[in-house]
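The values are calculated or read from the model by the stated rules, or taken from the named source; none is laboratory data. Predicted model only: the values in this text are computed from it and were never measured. Note that we place each Cβ from the backbone using ideal geometry, even for glycine, and neighbour counts take in every protein chain shown. Note: areas computed on protein heavy atoms with side chains; ligands, DNA, RNA excluded. Shrake-Rupley method; radii C 1.70, N 1.55, O 1.52, S 1.80 Å.
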Amino acid sequence: MRAILEDPASAAAMGAVEVTEAQSGFDAMRLLPRARYDLIITDINMPDVNGLELIHFIRKSEQYRTTPLVIISTQATERDVERGRKLGADAYVPKPFAPELMRETCARLLGTARPVSDG
Amino acid sequence: MAENVGGGGGRGESAGDKAREEFFSEAQEIVDGLSRDLLALDDVCRRGGSDAELVNDVFRAVHTLKGLSGLFGAAMMSGLSHELENLLDDLRLGRIELTSQVLDLLFQSVELYGRILAAAKGDAPEPAPEVKALLAALGQVAQQKGGGGGSVVAQYELDPGLLGVLTEYEEHRLRTNLQAGLSLYRMRVQFQLATIDSALDDLKAKTRPHGEIITFLPTGEGGDAESVELEILVASRANLGVLRGAVAGPNISVEEVRRRDGASNPLASIPPPPLDDRSRERDQTDPYGGVSMSPPTTSGGDALLDEINAAGAGATRTSAPPPAPSFPPGPGGQLGTFPPGGIPGMPVPGIAAGGAGAAAQGASGGSGATQRELTLRSVTQTVRVDIRKLDHLMNIVGELAIVRGVVARLSERVRLDPDLKEIAPDLHRLHRSFDRHLAQMQNGILEVRMVPLGQVFDKLARIVRQISREHDKQVNLVITGAETEIDKLIVEELSDPLMHMIRNAIDHGIEDKDERMRVGKPAVGTIALNAFQKGNHVVLEIEDDGKGMDPKVILAAALRRGLVTESEAREMSDKEVLTLVFQPGFTTRDDVTALSGRGVGMDIVKTNISKLGGVVDISSEVGIGTKMTITLPITLAIISVLMLEVAGRTFCMPLASVEEAIVFDDAMIKTFEGREVMTQRGATLPIARLAKLFQLEGWRPGVWINESAPTPKPPEVRPGRKAKSYCVVATVADRRVGFIVDRLVGQQDIVIKALGKSLKKARGLAGATELGDQRVGLVLDAAALINEVLASSTEGRIAGALEGPRSPKTGIDPRDARSDGGMS
């Protein structure tokens with residue numbers, strides 16, 4: 001994921017970004033208050049705190065209640081994704097996905113989408 | 001794993017090859033973990049149990065693999081993972097049963113993952129037909145699935161907000177536990193974010209004996225930037241008091257989640273009085289009365305939530321949002337009534353499956369430098385390193401060691417020079433310090449190279465399972481010492497030889513069930529795989545309790561194949577006979593089985609192990625079992641050697657093989673059965689003259705042996721005294737030989753280098769090393785030398801073999817080594 005988003009191709013789509021990886025849901029909860037992130041990407045199936053709980057938590061925080069939030073997960077958990085949407089996720093990118101799709105999605109959510117020539 | 005994207009300082013790094021490489025190693029790691037989990041699962045199943053957590057781990061691993069492979073366009077892997085994930089999902093949600101057939105499919109998948117990865121690296125062809133067959137088999141299993149169970153969850157006083165964040169799997173676990181009649185508890189725990197991982201592990205460990213943790217939910221209450229409150233849902237058979245006692249702590253409260261009285265009366269609308277203030281508050285604002293008993297569907301949709309919402313809406317139409325609870329129930333009963341995050345006014349963005357979301361907030365400038373520093377801290381603490389990079393580092397250390405040698409000599413010269421006496425102590429100190437740090441550096445690099453043998457054992461466990469099933473023999477693999485560490489390169493090379501040996505043990509060793517019963521052994525055979533460290537060596541034992549190896553059968557087979565002559569056969573001890581299995585072409589089988597018996601097994605095992613500087617030993621007792629012992633050096637990168645001088649040449653004997661060195665006198669020699677031996681501490685020790693083995697006998701002090709090559713100065717011999725020589729006693733496994741040398745130079749750590757092309761076939765030499773004064777020292781292969789000496793009936797015979805300059809078995813003339821530029 002980091003590779004995709006820090007790739008020069010991604011800079012073309014949404015400008016340079018800096019990616020912070022959280023090792024777990026708790027790690028994310030620990031990291032979030034310490035900086036200002038402009039976009040959050042989470043899976044749903046995670047140990048301990050699951051993605052839905054994380055989204056719920058994130059949306060309750062004053063700082064992040066409107067921050068764009070992307071779920072990446074599989075089609076297999078349709079119901080869970082639907083729940084994620086209801087909890088306030090902005091986009092869902094099913095795995096496996098093409099790197100371009102991810103970049104494009106992030107760019108749109110960040111409002112930095114710019115016309116990119118084909119390919 | 002959550003990942004966050006922040007705007008700010010850009011760092012463009014090419015993803016290309018590096019990412020791909022990382023993909024391989026990450027995928028491999030996951031597959032290895034998968035294999036371990038499956039084995040554990042297999043074990044649980046065979047004992048008739050089940051382990052929801054393990055199934056879920058396996059699911060998650062495949063899930064991750066699927067994501068990874070999709071990312072890198074590994075279509076075959078991604079396709080396999082997709083089907084597998086479906087199967088595992090059904091499995092963990094209880095839609096299908098974990099039968100041995102299903103387990104077989106899972107094991108096959110792990111096998112195929114390995115092959116797909118090898119194919120992607122270009123090491124092997126893609127296993128396309130196998131994958132196709134497996135996909136078909138997976139499809140068949142998927143069709144057998146039945147429905148899930150009915151719901152009991154709705155009978156509990158659970159916050160719909162809580163239910164709203166359960167994943168389908170967690171919901172399934174909750175349902176299963178409640179159906180099994182377990183009680184449900186709610187723990188509220190305050191954690192410091194800094195220590196949450198260990199604190200949580202601690203809590204899990206305390207809870208586990210009493211029940212299963214369904215989920216952890218951050219309440220968003222009572223916490224601040226540094227702490228967080230979690231609501232933990234636990235299903236347990238224990239009563240409240242027991243559970244409270246188990247997890248007791250300052251920031252923990254435990255309460256039981258009560259069944260609505262409605263359980264027996266579905267239409268009762270008043271919840272029972274709550275236990276404490278907090279829950280009263282919630283209950284009063286939790287206006288669910290009626291409970292629908294209709295079973296929810298197990299997949300898709302939000303049936304359960306609908307059910308509860310509908311029930312809530314039907315019973316009371318309270319529309320005012322509750323004041324405090326963490327999850328305000330929706331005012332109505334329809335889907336979509338949960339405001340996102342419970343924050344009114346937040347627009348509900350559309351979600352397109354294609355990933356196009358609502359265009360939203362612009363990217364802001366981002367974090368300041370200090371904040372960035374903080375966030376950097378939590379990235380993972382490990383790095384993956386290509387072993388070649390470590391080799392390179394080790395080579396540099398080797399070069400530095402040579403520099404160190406030169407400095408040592410320089411320091412000595414300076415010390416002896418009266419003009420330079422003043423700087424001598426400083427130089428000496430510098431040298432010592434350099435020496436110390438170099439040693440530390442060397443150790444550091446070596447440490448990094450070490451990996452636990454468990455890595456290869458896991459693969460073996462899978463193979464044992466597979467082979468024993470193919471062969472319809474029940475085999476129990478007992479592993480000890482999996483934590484023993486050894487050089488990464490050695491581990492890589494070990495799996496094939498070990499696999500051969502395990503196959504042999506199952507195919508030839510372990511008897512079938514009926515026969516085992518007949519001779520009074522337990523029906524299940526045992527193969528023990530033991531590893532332990534012994535000095536600078538790692539010892540691996542593969543021991544089976546099978547029928548053992550019968551020397552008579554082996555000898556007969558060897559005779560039949562012409563590997564030994566009748567007269568040789570008569571002279572051989574049982575132990576010698578056993579080693580015949582290492583001869584190329586040896587097999588006791590006339591029929592070739594799918595497993596082994598093609599006669600290409602054990603000699604290759606032996607060759608591979610000796611390439612690693614190791615030896616294999618066999619001991620076996622008919623009817624009792626067989627034990628193969630592999631002794632390996634811990635690392636190949638660097639070895640401690642004893643430097644010797646023979647006929648003016650320097651040789652290095654790996655210190656690991658040196659038992660001792662003693663002053664030697666020709667008078668100590670005895671001749672026994674045509675061999676030169678000496679008595680050492682009451683035991684007979686075969687001896688061999690290194691000079692003779694390497695054809696250096698013509699050399700006498702002060703005599704040039706080769707006009708074209710300058711000979712090093714002969715050792716000084718004081719007039720009137722006989723030249724002293726030494727006997728270096730070398731041992732490998734349980735074999736010992738005394739090698740007679742002219743002089744002992746000292747001990748040194750060397751980086752061993754492979755011999756060039758022209759010397760590659762030379763026997764008795766493991767490699768060469770630079771000595772630091774532009775000279776080259778040849779490193780002796782102790783195991784090969786010892787075997788050579790012991791295998792020949794007389795020392796003359798090997799010497800003879802070594803002397804024939806054009807014979808294919810030719811020993812080499814180390815004189816060549818100096819002018820040979822083929823060192824690598």
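One chain, two ends: B:GLU470 and B:GLU576. Fully extended at 0.36 nm per residue, the span grows by 34.9 nm beyond their Cα-Cα distance.
Using equal-weight Cα scatterers in the Debye expression, the normalised intensity of segment B:453-633 in log10 at q = 0.13, 0.19 Å⁻¹ is -0.65, -1.34. Largest accessible area first, the listed residues B:TYR726, A:TYR92 line up as B:TYR726, A:TYR92 when surface is computed with a 1.4 Å probe on the assembled protein chains. Database remark: amide H of B:VAL779 closer than 5 angstrom to the amide H of B:CYS652, B:ALA766, B:GLY767, B:ALA768, B:THR769 (H placed geometrically; neighbours at sequence offset of 5 or more, or on other chains; Pro and chain starts carry no H). Among the lysines of segment B:516-657, pairs at least eight places apart or on separate chains and with Cα atoms under 20 Å apart come to 11.
Shown here for segment B:380-485: trypsin sites (Lys or Arg not before Pro) in loop regions (DSSP other than H, G, I, E, B) with at most 11 other Cβ atoms within 10 Å, namely B:ARG384. Distance between the 7 Å Cα→Cβ label points at B:VAL745 and B:THR99: 7.0 nm. Interface area, chains B and A: about 7600 Å² of buried accessible surface, summed, with a 1.4 Å probe and ligands, DNA and RNA left out. Short-range pairs are left out: with C-alpha atoms under 8 Å and at least six residues apart, the relative contact order of segment B:387-450 is 45 percent. For segment B:17-106, the spherically averaged projection of the C-alpha convex hull amounts to 5.4 nm². Working from label points 7 Å from Cα in the Cα-to-Cβ sense, the B:LYS724 to B:LYS204 distance is 6.4 nm. In this structure segment B:453-633 gives 47 Å² per residue of accessible area when probed at 1.4 Å with all protein chains present.
Sparse packing (at most 12 other Cβ atoms within 10 Å of the Cβ) combined with a DSSP loop state is found for the following GluC sites (Glu not before Pro) in segment B:641-691: B:GLU673.
Approximating the spin labels as points 7 Å out from Cα along Cα→Cβ, the B:ARG735-to-B:GLU621 distance works out to 2.5 nm.
Full extension of the chain segment joining B:ASP386 with B:LYS757 gains 130.9 nm, where the gain is 0.36 nm per residue of separation less the Cα-Cα distance.
Extent of segment B:387-450 along its three principal axes (Cα atoms, max minus min coordinate, largest first): 48, 15, 11 Å. With contacts taken as Cα pairs under 8 Å at a separation of at least 6 residues, segment B:453-633 carries a relative contact order of 24 percent. Taking R0 as 45 Å, what's the FRET efficiency between B:THR684 and B:ASP496 from their Cβ-Cβ distance, rounded to 0.05? Calculated transfer efficiency: 0.75.
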